[in-house]
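The values are calculated or read from the model by the stated rules, or taken from the named source; none is laboratory data. Keep in mind it's a predicted model, so treat the numbers as computed, not measured. In this analysis, Cβ positions are derived from the backbone assuming ideal geometry, glycine residues included, and neighbour counts consider all displayed protein chains. For accessibility, only protein heavy atoms count, side chains too; no ligands or nucleic acids. Shrake-Rupley method; radii C 1.70, N 1.55, O 1.52, S 1.80 Å.
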Amino acid sequence: QVQLQESGPGLVKPSQTLSLTCTVSGGSITTNYYYWSWIRQPPGKGLEWIGYINYNGNTYYSPSLKSRTSISRDTSKNQFILLLSSVTPEDTAVYYCARDEAGWGFNDYWGQGTQVTVSS
């Protein structure tokens, strides 16, 4: 029943900030006790967890990306937003949003993913 949909630009220039929005339907992002995550997959590589915002608005980020990452939410629109600053071509990936039950790494619902390419 829960559906997630990523949206944002498919092409971002180096040094700029990537902004992606995940719109959730079929459930509220404030419902106890779910965590809402961003995950990415660079070409030819595995999935990489970026960070989450939970039902109470608390955030946590991958240590390798923390300095460049911000996740926020708009509860009136049932959306959560990823900002990734100072992007380089190494940030090129398919970006997914997902729901994590109880915050321990099992993602039961995923968006379809959106391709983001960092290039001049």
Apply the Karplus curve 6.51 cos²θ - 1.76 cosθ + 1.60, θ = phi - 60°, to the phi angles in segment 82-92 and return the couplings in whole Hz, x for Gly and Pro.
9, 10, 10, 8, 6, 6, 10, x, 5, 8, 4
S70-Q3 FRET efficiency (beta carbon distance; Förster radius 25 Å; 0.05 resolution):
0.55
Just by accessible area at a 1.4 angstrom probe, what is the order of I81, I53 from largest to smallest?
I81, I53
Convert each backbone phi in segment 49-65 into a coupling constant with the Karplus relation 6.51 cos²θ - 1.76 cosθ + 1.60 (shift: θ = phi - 60°), then list the ³J(HN,Hα) values in order as whole Hz, x for Gly and Pro.
6, 9, x, 9, 10, 9, 4, 9, x, 6, 10, 8, 10, 4, x, 6, 10
Solvent-accessible area of K66, probe 1.4 Å, all protein chains present, reported in Å² to the nearest ten, please.
130
Under the rule rounded for a/c under 1.5, else prolate if a/b exceeds b/c, else oblate, using alpha carbon gyration tensor axes a ≥ b ≥ c, segment 7-62 is classed as prolate
List the GluC sites (Glu not before Pro) within segment 29-120 that fall in a DSSP loop (any state other than H, G, I, E or B) and whose Cβ has at most 11 other Cβ atoms within 10 Å.
none
Keeping all protein chains in the complex and leaving out DNA, RNA and ligands, what accessible area do you get for W49 with a 1.4 Å probe, in Å² to the nearest 10?
90
How much net charge surrounds V2 when only other residues with a Cβ under 11 Å from its Cβ are counted (Lys, Arg +1; Asp, Glu -1)?
-1
Counting only C-alpha contacts under 8 Å and six or more residues apart, can you give the relative contact order of the chain as a whole percent?
35
